[in-house]
Each structure stands twice: as structure tokens, then as C-alpha cells.
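Comments concern the structure below.
The values are calculated or read from the model by the stated rules, or taken from the named source; none is laboratory data. Bear in mind the structure is a predicted one, so any value in this text is a computation, not a measurement. Here Cβ is always computed from backbone atoms with ideal geometry, including for glycine, and neighbour counts include all displayed protein chains.
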Amino acid sequence: MVPPPLARPVAPPAQASSLWSLPPSALRSIARTLAAAAGELGHPGAGAERDWRLVAESEAFEAWLIRWPANGRLELHDHGGSRGVVSVVTGCLVETSVVHVGDRLALRTRTVNSATRPLSIGVNRIHDVTNPGPGVAVSVHVYSPRLTAMTFFDLANDELRARRTEYLGGTHEATGRRAS
């Protein structure tokens, strides 16, 4: 299956529950399709920092191809009420999420690579993502509804504190160094 053209509208899958929010199965399907065609989408960059490129979008979702340098990291954050799916194309990513264990907060770590099932991110998930290296990792991230805000957090002494919120508006740059 040929991926949609770069940053062009794509019709959401028929199983969409609404125009504005796709179910996890639809997000996984989009992520798998784009990951399989990642070589045709081009790479977002080749620098020492994390880079990304918008590769598909509609009113209901957006999809990003992200290049993670070795030891690249996106600190603890949420997705402002959007759900998501991460499919690793090359390399390996480690996700550390904040979970409740009784009345305490704990961290849960998962490794995701091209051989594992795509990582589903619920609307309330707070996590960080790291490329442990040694090489570059490339991943596809699909969000629905489209991202509008991300809050970044600190976790210390069993307390989660919001540090800053980035409001993304309705429009994103097609490439860049924005948190995603």
C-alpha cells in the first residue's frame, strides 16, 4: 500500500468512531502502513537533535515521522487529551510511563522496536521516550485527535508536578524541533 503524500489530507479508516477521534485500532493501522512505507517518506533530518516531519493528516488525526539520535530523549509529558500510537521503524525506543500503584506513583518501562507491537498511548498517559542507542532510531507517531497541547512534568518524591504546557494551536510546522 502506498502511503499518503506528505502532509496531505487522508481519509480516516471506515471504523472511525467519530470524525474527530479515531479508535486505537485505526491508529495502529495507520501507524503500521506508514512505518512499512517509511523509506518512501524520506527522513526528517540528520542532525544531533530529534527531528520530525508531518507525513499524513486529516481532521481526525496527524502522523509524524520522528528521527531520534542515540541518547535522544523527550522528557516526561502528556499529549493534551489525544491518544496515540508509536511504531518503531528502525532502532529501539524505551518508554517510561507514570503509573498508579495503590496510592503511590511508580514508573513502568517498555522497550519498543520494529519487531514489537506498536505502543498505544492512552489519553491520560504521562511518559518519556528515549533512544538508548547506539544508533539512530526512526518511529512513526499517530495522534487523534490532532495534538493541541502538551504538558511537561517533573516526578520527585512521589509527586508529579506540571512544569510547563506548550499550546500547539491547530497548525503545526511540517518539520522542526517541537515536542511531539
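Can you confirm whether residue 67 is in a strand (DSSP E or B), of a type in the set (D, E, K, R), under 13 Å from the mean Cα position of the chain (by Cα) and surrounded by fewer than 21 Cβ atoms within 10 Å (Cβ to Cβ)?
Numbers: in a strand (DSSP E or B): yes; of a type in the set (D, E, K, R): yes; under 13 Å from the mean Cα position of the chain (by Cα): yes; surrounded by fewer than 21 Cβ atoms within 10 Å (Cβ to Cβ): no.
Considered against the rule, which asks whether it is in a strand (DSSP E or B), of a type in the set (D, E, K, R), under 13 Å from the mean Cα position of the chain (by Cα) and surrounded by fewer than 21 Cβ atoms within 10 Å (Cβ to Cβ), residue 67 comes out as no.
Failed condition for residue 112, given (1) surrounded by fewer than 18 Cβ atoms within 10 Å (Cβ to Cβ); (2) in a strand (DSSP E or B), with all others met?
(1)
For region 131-149, name all the residues that are closer than 25 Å to residue 46 by Cα and crowded, with 19+ Cβ neighbours inside 10 Å.
Correct list: 131, 137, 138, 139, 140, 141, 142, 143, 147.
When you check residue 120 against the structure, is it closer than 20 Å to residue 38 by Cβ, in contact (Cβ under 8 Å) with a residue 40 or more places away in the chain, surrounded by fewer than 16 Cβ atoms within 10 Å (Cβ to Cβ) and not aromatic (Phe, Trp, Tyr), yes or no?
In short, yes.
Would you confirm whether or not region 129-137 contains a residue that is out of contact with any Ser or Thr (no Cβ under 7 Å at 6 or more places or on another chain), over 20 Å from residue 31 (Cβ atoms), at pLDDT below 95 and assigned to a strand (DSSP E or B)?
no
Answer yes if at least one residue in region 108-117 is within 22 Å of residue 36 (Cβ to Cβ), of a type outside the set (Asp, Glu), modelled with pLDDT of 90 or more and touching a Pro at 6+ places or on another chain (Cβ under 7 Å), and no otherwise.
Among the residues of region 108-117, not one is within 22 Å of residue 36 (Cβ to Cβ), of a type outside the set (Asp, Glu), modelled with pLDDT of 90 or more and touching a Pro at 6+ places or on another chain (Cβ under 7 Å), which makes the answer no.
Is region 96-104 home to any residue that is at pLDDT 95 or above and among the acidic types (Asp, Glu)?
No, there is no match, as no residue in region 96-104 is at pLDDT 95 or above and among the acidic types (Asp, Glu).
Which members of region 155-180 meet the condition of being at pLDDT 50 or above, surrounded by 14 or more Cβ atoms within 10 Å (Cβ to Cβ) and not in a strand (DSSP E or B)?
168, the sole residue that qualifies.
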